[in-house]
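Just so it is clear, none of the values below were taken in a lab; they were calculated from the coordinates. Worth saying up front: this structure is predicted, and the values here are computed from it rather than measured. Quick reminder, even Gly has a Cβ in these numbers, built from the backbone with ideal geometry, and neighbours come from all protein chains shown.
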Amino acid sequence: MNELILVIVALPLIAAVIASLVHEKSAKSISIIGSAIACLLSILGITTGGTIDRGFHHVFNAPWLPKLGLMFSFGLDGMSSLLVLLTTFLTVIAVIVIPAPKNAVRAYYLSILVAGALTNVAFASLNILLFYIAFEAALIPVLIAIGMFGGGDRSKAAIQFFVFTVIGSLLLLSAIIGLRIATGTFDYLTLKDLVAAGAVDPSLLRWFAIASFIAFATKAAVVPLHAWLGRAYINTPTGMLLLLSGAMAKLGVYGLIRFTLPLGGDFAESLVPLIVTLGAVSVVYGAFVAAAQTDIKAVIAFSSISHMGYIVIGAVVGDDAARSGSVLQMLNHGITTGALFICCDFISRYRGSRQVTALGGIWSDSPLFSRLLLLFTFSSVALPLTNGFVGEFLILLGAFHKFPYQTAIASAGAIGSAVYMLWMIQRSIYGGSKSDASKVISLGVSERSVLLALALMIIGIGVAPSPLLAIASDNGHKVGAAMQPEVK
Amino acid sequence: MSIPLNYYIVLSMILFSLGIAGVTTRRNPILIFMSIELMLNAVNLSLIAFGRYLGDAGGQMLTIFVMAVAAAEVSVGLGILIAIFRTKDNVDVDVLNGLKG
Amino acid sequence: MNFGDIHAAGAPILMAVGGCVVLLTDLASKRSDTRKFGTFLAILFCIASMLCSYTLGGQLRTAFSNGIAVEGLVVTMQILLAAIAAVTIVASSEILQSFHLPKGEYRALILLASAGAMVLVQSLDLVNAFVGIEIMSVAFYVLAGYRRAQAASEEAGAKYFLMGAFVSAILLFGIALIYGSVGLAMKANGLELPQGYSFTNIVTISKAIHQVPGFGTSPLFLLGAVMLIGSLMFKAGVAPFHMVAPDVYQGAPAPIAGFLATTSKVAAFTILMRFFTILAGADTGAAINVVVIGLALLSIIVGNTGAANQKSIKRLFGYSSVAHGGYIVLGLLASLGTESQAAAITAVTFYIVAYAITTIGSFAVVAWLGKDGEDADAISAYRGLGKRNLGAAITLGIFLLSLSGIPLTVGFLTKLGVFMALLSAGGTWVAVVALIGSAIGLYAYLRVISEMFFVDSTQQETSSTDGASKLVAVSAATLVIVMGVFPSQALLPSFEASVTAPPVSGDEVK
Amino acid sequence: MTLQALLSGQGLMFLFFAVAAIASGLLVVILQNPLRAALSLVINLFSVAGLYLSLNAYFLATVQVIVYAGAIMVLFLFVIMLLNMGQANLNTSYRGVRTIIAFSSAIGFGGLMSAVALKGQPDVMLPADAMVTGSSAGSVEGIGKVLYNPNLPWLFAFEWTSFLLLVAVIGAVVLAGKRQQPSEDKA
């Protein structure tokens, strides 16, 4: 049972290897099978089972390079099991819904499956060095996917994305090595205990807090470190974008909850107001930049900065409800943004354009599609009864009494963004068709079922969030408990 | 009354510096090479002086090796320089600028 | 002198004898096409040399009146050097053919250069080190200018020669000053020079450093040590003497460029490790530390920025070799601390091995993609390579990722090792500057990857026929991945507990 | 003491050769004509050989004259003649500047180097037993006994030097040999 996470990681990898060896036609089905089984298995990961160690279940340990302190140590808690599930789920969807580029089918599926698997390794890892390796290695398939299959500006986008994120993670590496030298271990749980016991030099922890914050904030595109996001998201092929925005960006927030706060010592605590402020700035900034776009993919991309700003606020604010909301919102954002990017992909595929000015008439041409798109937009702007509402509400609730100003600014920005986004989506689907080559967006069975499933999830989580919230609350809360009295 | 060792060392360092000055200011490869020979001579002088004042034969041994190395370098170095002069008629080191990024 | 002595010095002797045999065979054979046989013979001697090193085992033994000392690290490096020579001979077999260059002399020079490098690696006396480094360098000058028909190669040879001879003179002056200062210090303090040792022996120097108070900070010695260290670092291609490295690598034929870049680094850094071992824990003031840190950071910054906007891929690798030289020097810096020393030596050794594999492989790709004997040097020639020749593109991509230190390639582990050693020696800000440098380098390598995979090109399929280079490149790429994922199985154990110089104690020297 | 040392017979010898060495060395660095520079280098080598004599290194002084000044410099002169550089490049535009640079940097750098290096270094005079050990050490016999002694470290390096010369010979042959590429023969 402890090997569960290994299986979840290995299945897509095996499928990827097989898919890259067989004929192009069967590559897709093999990829689907591999990732789908992994997805089903990761549901099992949520349930508590296997060896349990300090709040983590399914704990697995095997040596990789013991001399370097590098171990295959895995373990899941509520937060990481949900994120693993999200990653595998998005992988399946990406493979099913988005057609591969014609000339390099196998390379495309390979990059997506490998990216998903490495992201999962990072989410489930209890060894910091292993986390780092997966964190950074996962960039390679993304780099390849952007560079080979991306949009017009792909070369520049790929290099920019890679250099930005690697610089952040190099800092993280130096801090990790510093921790290892001071404590002699890369093991997360041991480190956490040592830090909580005050056995580590505070100046080192300060460096760790700064370095890891820069690395994770770059990944989560918190505002001064977001510069890579726009060009990268717009040029990333949709399949990979689902993983990049849906799962990998969450690694940033996950890292803040999992590593920066518990291992950063007191200094990390003192960073919280700064992070919250930056989060609020991100919310407003994302909303403003999104409002300046006419490309709907760009709108969704920049609104993502806004949403991630919220999630970051919830993650660090030090309140149980907010943190659970933040974890839930990571899930929601993965689902909703994924759904929106998929719709965006359909639109550009069938209509030949993503510009708002060139669209219109979708409502009458493709009724089901446009109604679903509207639902996804509702979820994105967090209308009640959608999943987005639950997450954002919890975050606001938790954050407000600690950081009222920042929270107020953030909510104001969010409302502005919501209005604009609704207006823009409406403009693009209502009205008469403006493009000459307007084609009806005809959904196939698989596409239709995926979109419907996403819609069901959005409403399901929106109406009955409590089971997921219960799992989501099994997260950094325990981490924080070591350092501060619980706020209940 | 004998000469103090330091006199020899200072003389050797001055000769060595003359060689460095030649290497850095000369443009003709052959003249640069001659300046390098000057430096090797300075080394030999200091080695022999050290050896003499230490009562140790090692200085002279090292000098023999330096001379052998100088001979080897001269044969190869002049070969390379002749080869390049046969391709290019100019004799300035500035001409060695075909390799650029 | 006895059999044990000959055995200890056997690896370079076999290489040198191999050089002579290859040369004579080539002269004796009338037919011009002795390609296969000559290659076979040369590789045979390389393998014999490797076996000779291997049978020495890991324990420390000195030979030839303490002129040389062999232990685990030296054995590893000798095997590596022989392997580099063998691989270079294999990789260049086709290039020689297409250039109509003399083959026997070529192989002999490679074998002799490796012999010189091995003498340098195993030497305990600076005299032997000097003779070894000169054998290596003189062979290098000729090899760099080997393609005489091509102006670039001649120019590379000439530049390399002038710079090399200049630095040799500095190295010699350093040795002379060390000789004099050690002698004077021992004499002034009534220490006897033990029978069989010379004043230039590393053990004697170590004795002077550790037993004569204030010797480590005496200006005469420090000047000599700085000259010695600086000039050895030049031989390894480290800034500020880096300016010829890119020129030479661009001008020399690709397999030779790989050979020069790796052999010089292996040899020079190994002897530096030996020299640094005796400095560790000694009071040498700040001078040596400052010089070493300065050279390392300068190389990392100059190398990485220089690589950033190159049009020639061989120049890019040249600058990259400067930068990687800088990282290795950082590891050496850590070996100056007594506590971090063991880790640092392991890290540096691993770095050198990994760098050698990566670099040989990268240059082999350049030769592989070459047409009609011309290396594929312009980076623009790699545009769209992913579509034309996927195998070559992936192979080169692996090397580039490894050079930039991305996880799952060996380049990551090497960098990890060096930074771990460095940080445990307390060099935090040095590490941070180095990290910034490697971020700049990342851009340089990514540019090539981007050209290969992300940019469409109208260029036609290149019909490359250089099977030997292809073989070398692909196997090197496989090694880079295997060592990046399972280094413990591949290499790490052999570096455990390596000593670089005999320990200094009264009994040892008497 | 210093002046006294220089005014003795040995001191005058040192002074003479030292001045000659520096002057000829300076000429090597500043003369425009390669031929004259090479001849200055010969003078420099002779002066240094004289200094070797003052240090009792008789054998090396001889080698210096025969091998260095005799053979190596002849090679240099030969190459200069071969390339017809005898009176080439009579451009003397920045000769004065070069003289100043060379002289000042040599004196400045050399002086600085020696000042730094010899700081706190006591004046070392010849040891009392130097006449005994020194008298034979510089002779052919003395050198041979040390160089070829298997119990001393020099023999190993000496043997490897033969390979160094082999490499040099191969190199010279390769570099001077006929170009094998037919198309390049005209060049």
Here, A:Glu269 and A:Leu385, labelled 7 Å along Cα→Cβ, have an inter-label distance in nm of 4.4 nm
With Cα coordinates, the longest principal axis of chain A makes an angle with the long axis of helix A:139-149, in degrees rounded to 10, of 10 degrees
Using a 10 Å cut-off on Cβ to Cβ distances, tally the other chain neighbours for every residue of C:142-150 and report the average as a whole number. 6
May I ask you to derive the FRET efficiency for C:Leu191 and D:Asp123 from their Cβ-Cβ distance with R0 = 22 Å, giving the value to the nearest 0.05? 0.60
If unit charges are put on Cβ atoms (+1 for Lys and Arg, -1 for Asp and Glu) and the dipole of chain A is taken about its Cα centre, the option from A:Ala418, A:Ala249, A:Tyr188 lying farthest towards the positive end turns out to be A:Ala418
Do you know the relative contact order of chain A, to the nearest whole percent, from alpha carbon pairs under 8 angstrom that are 6+ apart? 15 percent
Work out the charge dipole of chain B with +1 on the Cβ of Lys and Arg and -1 on the Cβ of Asp and Glu about the Cα centre, then indicate which of B:Gly22, B:Ala42, B:Gly59 is farthest towards its positive end. B:Gly22
Everything considered on the Cα gyration tensor (a ≥ b ≥ c; rounded for a/c under 1.5, else prolate if a/b is larger than b/c, else oblate), the protein assembly as shown must be described as prolate
Calculate the length of the line joining the C-alpha centroid of region C:355-407 to that of region A:109-180, in whole Å. 22 Å
What do you get for the angle between helix A:265-291 and the principal long axis of chain A? Use alpha-carbon atoms, 0 to 90 degrees, nearest ten. 10 degrees
Simple label model, 7 Å out from Cα along Cβ direction - D:Val173 to C:Thr338, nm: 5.4 nm
Taking the Cα-to-Cβ direction at D:Met13 and at A:Asp153 and moving 7 Å from each Cα, how far apart do the two end points lie in nm? 8.2 nm
Divide by every residue of chain C the summed helix terms, -39500 (n - 2.57) for each DSSP H run of at least 4, and state the resulting mean residue ellipticity at 222 nm, rounded to the nearest 500 deg cm²/dmol. -24000 deg cm²/dmol
Kindly express, to the nearest 10 degrees and within the range 0 to 90, the angle between helix A:154-183's C-alpha long axis and the longest C-alpha principal axis of chain A. 10 degrees
Taking other Cβ within 10 Å of each residue's Cβ, how do A:Leu375, A:Leu456 sort, fewest first? A:Leu456, A:Leu375
How crowded by other chains is A:153-160, given as the mean number of beta carbons from other chains within 10 Å of each beta carbon? 4
Plugging the Cβ-Cβ distance of C:Leu44 and A:Asn2 into 1/(1 + (r/R0)^6) at R0 = 51 Å yields, to the nearest 0.05, a FRET efficiency of 0.50
Using the Cα centre as the reference, give the magnitude of the dipole from point charges on the C-beta atoms of chain C (Lys, Arg: +1; Asp, Glu: -1; all else neutral), rounded to the nearest 20 debye. 580 debye
Estimated dipole of region A:266-488 in Debye, rounded to 20 [Cβ of Lys and Arg +1, of Asp and Glu -1, Cα centre]: 640 debye
Counting only helical runs of four or more DSSP H residues, what would the 222 nm mean residue ellipticity of chain B come to if each run contributes -39,500 (n - 2.57) and the total is spread over all its residues? -27000 deg cm²/dmol
If every Lys and Arg gets +1 and every Asp and Glu gets -1 at its Cβ, then about the Cα centre chain A yields a dipole, in debye to the nearest 20, of 1080 debye
Given the candidates C:Leu177, C:Leu333, C:Gly386, the one whose Cα lies deepest towards the positive end of the charge dipole of the protein assembly as shown, counting +1 at each Lys or Arg C-beta and -1 at each Asp or Glu C-beta, is C:Gly386
If R0 = 30 Å, then D:Ser162 and C:Lys311, at their Cβ-Cβ distance, give a FRET efficiency to the nearest 0.05 of 0.10
Neighbour-count ranking [beta-carbon atoms within 10 angstrom, fewest first] of C:Asp283, A:Asp320: C:Asp283, A:Asp320
Ordered by number, the trypsin sites (Lys or Arg not before Pro) in region B:37-89 that occupy a DSSP loop and have at most 16 other Cβ atoms within 10 Å are B:Lys88
What's the average, rounded to a whole number, of partner chain beta-carbon atoms within 10 Å of each residue's beta-carbon in C:174-187? 6
Helix-only CD estimate at 222 nm, as mean residue ellipticity for chain A, using -39500 (n - 2.57) per DSSP H run (n ≥ 4): -24000 deg cm²/dmol
When a footprinting reagent is the concern and you count Cβ atoms within 10 Å, what order do C:Met243, A:Met421 take, fewest first? C:Met243, A:Met421
